[in-house]
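Peer 1: Okay, here's the structure, questions in a sec.
The values are calculated or read from the model by the stated rules, or taken from the named source; none is laboratory data. Keep in mind that what you see is a predicted model, and the values were worked out from it rather than measured. Virtual Cβ from ideal backbone geometry, glycine too; neighbours counted across all protein chains shown.
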């Protein structure tokens, strides 16, 4: 029997008989523990079923639920179990698609009567039966015409439509998966059997148009999530409940931070308190920029079409742009700030002595997003980027990247964020030569390695003009958010013919670094609302203290105290309503006020305040000067 060589992630290699499967290798040489946890395999760069025969020398990695690819396989398999259960209960339902998504899975069904939340427990019970039956996922490769016949016999018109599209594209064969009585068109891979899916929960129902086209029939979408054990599911459901309690749209309304209106869909209206936080975030970033000798620019919102053609945005981004016509010329509302800052660079000649030039801009940009994806401050049509563009020589690139890495780290740590990093490489649609892309990617890798930073490669997700380092923040309940980015760009300076005079008195081409740390000030604010659950640290809080009086005769003392605190830069409110003190304390806590100060006769005579926090921690009586001093220190230190 012919032999093949298998290499493993730890660098080891071993020979096996040709035709051996990944699961056989695991059971033979790795152990039963991994065999039980395995959900799929990765042969070279392709994710496959565990029982696929290996016919050539290959790199093998075993995927479990802990791997992102493993989760996708697990959740996609769970979608098949959902579809099988629904078909058992509602045989007339027509199947469409059921992919894994970021936090679980869904399946879209065509049904005359809409599903309701009350249907979900019944479907879950049927799914439990499918799991207990421990049905094997069996893959078959068949001619596309045979698959069309099968789906026609099953009376699945959407599957027939997809197959006919594949046939028109030249596909000769397709893969189908069968488990129990259920069969579905699918590329796979899948877990070995339905019994792997130990714990699951159907979370909601929604409407969705076939192929995302509003002119097509509306389908019924059922969402769910699944895990290898019930403990993980329980933890996940607890996180969902916590996330719902932290929803920035709900808290934003309760705290009077911002609102959304039909008169401007996807465009937030910031109220006074929300505007304060927004301005504080911008001021904080300006402070960090000043420490590093940034200049700050401001460029127009509307720019001529010719500029967007020159920059490449017209070819790569126009479906996300807004347009207008002025003086019989076409203009676009800017979706990015880069081209305007390139024009500023070109307004005068530069020497190597001028570089690096660090040009920041808090630029208002507009991007056309479909109405169905708009979501509070997280997905909007207008937002402010905390942009900066660093123009430097090739010799300065690495040092400038490292300076940016340190800046990003300093900013995120101030807000209490942990993060991980991805290096996003050349996308399918890109401009510039392969040599320039290779050079840019290796430069970013070198800087990351020099900082000894762990990072993952995110293949094909770079900007169209260059690779980038992307930052994913982890919030207090474990969710991740992609925010910051550092992008290395050799192409834009070329397209705009940027130059500087070198020490040799000759013209040279600068290199351009794009960076954003918040990414979008608006989205970052939404993330902070949920990260802190509205309980902002004092330096960011729109109301740092509220003074409550136990009776009207103490209002004068409270007013003087509030005035004195305001003069020192603190943000203070008073509550003189004829309500009980416990009620006013409770309302201040619900409003997320950092400190609640109760004053009465004792406090007025002693020049003190009785202090408690929004978390109902009673700090007791304090001298007003001492309290103000401590609060000012807390603000200054951004504690």
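Peer 1: If you go through the stretch 328-342, how many residues are touching a helix residue (DSSP H, G or I) at 6+ places or on another chain (Cβ under 9 Å) and either more than 24 Å from residue 383 (Cα to Cα) or surrounded by 16 or more Cβ atoms within 10 Å (Cβ to Cβ) (or both)?
Peer 2: 10
Peer 1: Please tell me if residue 122 is at pLDDT below 95, closer than 22 Å to residue 94 by Cβ and either surrounded by 15 or more Cβ atoms within 10 Å (Cβ to Cβ) or in the same structural domain as residue 80 (by TED's automatic domain parsing) (or both).
Peer 2: It is false that residue 122 is at pLDDT below 95, closer than 22 Å to residue 94 by Cβ and either surrounded by 15 or more Cβ atoms within 10 Å (Cβ to Cβ) or in the same structural domain as residue 80 (by TED's automatic domain parsing) (or both).
A quick yes/no check of all residues on (1) touching a residue at least 40 places away in the same chain (Cβ under 8 Å); (2) in a loop (DSSP other than H, G, I, E, B):
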site: 404; (1), (2): yes, no
site: 432; (1), (2): yes, yes
site: 439; (1), (2): yes, no
site: 452; (1), (2): no, yes
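Peer 1: While we're here: Can you say whether residue 629 is free of Cβ contacts under 8 Å to residues at least 60 places away in the same chain, in a helix (DSSP H, G or I) and over 27 Å from residue 253 (Cα atoms), as far as the supplied structure shows?
Peer 2: yes
Peer 1: Which residues, counting only those in the stretch 559-572, are in contact with a helix residue (DSSP H, G or I) (Cβ under 9 Å, 6 or more places away or on another chain) and surrounded by 14 or more Cβ atoms within 10 Å (Cβ to Cβ)?
Peer 2: Across the stretch 559-572, the qualifying residues are 561, 564, 565, 570, 571, 572.
Peer 1: Quick one: which strands (runs of 3 or more DSSP E) lie wholly within the stretch 126-189 and hold at least 1 residues that are closer than 18 Å to residue 94 by Cβ and in contact (Cβ under 8 Å) with a residue 12 or more places away in the chain?
Peer 2: 173-179, 182-185
Listed here are the residues, each with its yes/no results for (1) surrounded by fewer than 16 Cβ atoms within 10 Å (Cβ to Cβ); (2) modelled with pLDDT under 95.
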{"position": "265", "(1), (2)": "yes, yes"}
{"position": "270", "(1), (2)": "no, no"}
{"position": "305", "(1), (2)": "no, yes"}
{"position": "309", "(1), (2)": "yes, yes"}
{"position": "320", "(1), (2)": "yes, yes"}
{"position": "323", "(1), (2)": "yes, yes"}
{"position": "326", "(1), (2)": "yes, yes"}
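Peer 1: So, in the stretch 325-374, exactly how many residues are without any contact (Cβ under 8 Å) to a residue 24 or more places away in the chain and over 30 Å from residue 281 (Cβ atoms)?
Peer 2: Total meeting the criteria: 5.
Peer 1: Where in the stretch 19-104 are there helices (runs of 4 or more DSSP H), lying fully within it, with 2 or more residues that are modelled with pLDDT of 95 or more and under 18 Å from residue 176 (Cβ atoms)?
Peer 2: 68-89
Peer 1: Then there's this: Quick check on residue 588: is it closer than 24 Å to residue 271 by Cβ, in contact with a strand residue (DSSP E or B) (Cβ under 9 Å, 6 or more places away or on another chain) and touching a residue at least 60 places away in the same chain (Cβ under 8 Å)?
Peer 2: Criteria not met by residue 588.
Peer 1: For residue 599, work out the one condition from (1) under 35 Å from the mean Cα position of the chain (by Cα); (2) more than 19 Å from residue 252 (Cα to Cα) it doesn't fulfil.
Peer 2: With respect to (1) under 35 Å from the mean Cα position of the chain (by Cα); (2) more than 19 Å from residue 252 (Cα to Cα), residue 599 is out only on (1).
Peer 1: Which of the numbered conditions does residue 499 fail, given that it passes all the others? Conditions: (1) at pLDDT 95 or above; (2) in the same structural domain as residue 591 (by TED's automatic domain parsing).
Peer 2: Evaluating residue 499 over (1) at pLDDT 95 or above; (2) in the same structural domain as residue 591 (by TED's automatic domain parsing) leaves (2) as the failure.
Peer 1: If residue 637 satisfies all but one of (1) more than 22 Å from residue 270 (Cβ to Cβ); (2) surrounded by 16 or more Cβ atoms within 10 Å (Cβ to Cβ), what's the number of the condition it fails?
Peer 2: With respect to (1) more than 22 Å from residue 270 (Cβ to Cβ); (2) surrounded by 16 or more Cβ atoms within 10 Å (Cβ to Cβ), residue 637 is out only on (2).
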